[in-house]
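Structure record follows, encoded as structure tokens.
The values are calculated or read from the model by the stated rules, or taken from the named source; none is laboratory data. All values derive from a computational prediction rather than experimental measurement. Neighbour counts are summed over all protein chains in view; Cβ atoms, including those assigned to glycine, are modelled from backbone coordinates with ideal geometry.
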Amino acid sequence: MESGGSYGNERRAVFKDDSWFSQFRNGSNPWMARYVYALIFLVANLLAWVVRDYSSGALPEMEKLRNCKGGHECLGAEGVLRVSLGCFMFFIIMFLSTAGTSKLYASRDLWHSGWWSAKIIMWITLTVIPFLMPSSFIQLYGEVAHFGAGVFLLIQLISVISFITWLNDCCLSEKNAERCHIHVMLTATTAYVICIVGIIMMYIWYTPDPSCLLNIFFITWTLVLLQLMTSISLHPKVNAGFLAPGLMGLYVVFICWCAIRSEPAGESCNRKAEASNRTDWLTIISFVVALLAMVIATFSTGIDSKCFQLRKDESPAEDDVPYGYGFFHFVFATGAMYFAMLLIGWNTHHTIKKWTIDVGWTSTWVRIVNEWLAVCVYLWMLVAPIFLKSRQVDESPV
């Protein structure tokens with residue numbers, strides 16, 4: 001309830017002195033600004049995909065660029081990196097120019113929420129500039145993008161786990177425990193049923209014979225992690241209930257499924273990859289859904305800056321900004337690196353089939369490591385208060 005009240009205060013702060021239309025017209029509405037930035041990010045994603053899959057017709061024009069060496073170094077995987085670099089530079093500039101903004105209607109707030117003509121021109125210019133850069137610099141950016149994409153995955157992971165633990169704490173609080181009891185039980189039961197069904201289906205789809213040891217290990221270990229999270233959550237000293245481990249189970253089962261789906265076509269243990277070796281309507285829909293999911297994930301993570309604040313402000317002022325502008329742009333900057341890695345399969349020299357995304361053994365292992373890291377972070381959030389409390393008791397004077 002406190003979160004809802006804070007959200008209401010933030011909305012009243014934004015709309016306190018003016019109407020929605022007037023604020024949008026004057027470029028001072030930070031809530032609408034989020035969607036414009038998300039649209040810019042989506043267009044950059046689509047442009048990178050077009051450069052990767054459908055840019056062969058532009059080869060004669062690319063040959064005129066000195067740094068493209070015949071045009072090939074500005075298309076394909078390297079073309080994706082060039083578009084990603086332009087998007088990254090745009091959001092890094094926005095990050096540097098808005099970080100630390102705390103009050104509405106200040107100059108940096110107006111810059112974040114307005115001046116769209118100038119920012120669109122800046123984004124277009126920054127998208128063109130990487131195509132004039134030498135290939136060696138683009139390859140260096142590709143190596144750095146591996147790290148930036150990892151940072152994005154870590155931020156997203158912490159954001160998801162924070163939301164799950166917040167929801168669990170809210171439902172188990174004394175104020176809501178009795179009212180939410182039935183809903184918690186139904187949600188937790190549904191989550192566990194979906195987890196078990198998902199694991200069974202992965203065994204059926206991705207382990208057609210006993211020789212598929214790697215897939216068997218991935219799926220079995222996911223089941224072990226689900227059991228581990230549930231056991232620790234129900235331990236008397238933790239007493240976190242069923243809901244949080246059930247939702248975390250959904251998250252890690254989904255990541256495991258994505259990891260195995262990322263295995264390249266031609267692997268005998270991935271019949272689904274073999275079946276999708278041809279481009280059909282299902283492949284196209286899967287690609288579009290994956291692209292939109294990436295944009296939505298970046299957007300939702302970017303506005304979740306409060307879960308990364310060490311010091312919580314219980315009573316924000318009416319003229320405080322509704323979300324962290326600097327953090328928002330930083331997430332989109334690392335998201336630009338992340339979408340580049342997805343489109344090239346985390347390999348700067350990797351050629352990916354049209355209408356595919358996040359395919360390759362590197363992609364598989366990135367997903368698996370992300371799954372294991374998610375479980376470690378979640379378990380640490382459960383047991384850390386116990387260890388810290390025990391340490392404080394041990395260090396207190398007798």
#### Entry: Boolean, SER97 is modelled with pLDDT under 85 and not charged (D, E, K, R)
no
### Message
Here are the criteria: (1) touching an Asp or Glu at 6+ places or on another chain (Cβ under 7 Å); (2) at pLDDT 90 or above; (3) among the β-branched types (Val, Ile, Thr). Tell me which single one THR189 does not satisfy.
### Response
(1)
### GLY326 touching a Phe, Trp or Tyr at 6+ places or on another chain (Cβ under 8 Å), over 21 Å from ILE352 (Cα atoms) and either of a type in the set (A, V, I, L, M, F, W, C) or modelled with pLDDT of 65 or more (or both)
yes
### Task
Determine whether segment 345-358 contains at least one residue that is crowded, with 16+ Cβ neighbours inside 10 Å, farther than 23 Å from ASN215 by Cβ and modelled with pLDDT of 90 or more.
no
### Task
Look through segment 199-222, keep the residues that are buried (at least 18 other Cβ atoms within 10 Å of the Cβ) and within 25 Å of the chain's Cα centre (by Cα), and return whichever of them is nearest to CYS376 (Cα to Cα).
THR222
### Query
Can you tell me which residues in segment 189-240 are closer than 30 Å to PHE387 by Cα and not in a helix (DSSP H, G or I)?
LEU234, HIS235, PRO236, LYS237, VAL238, ASN239, ALA240
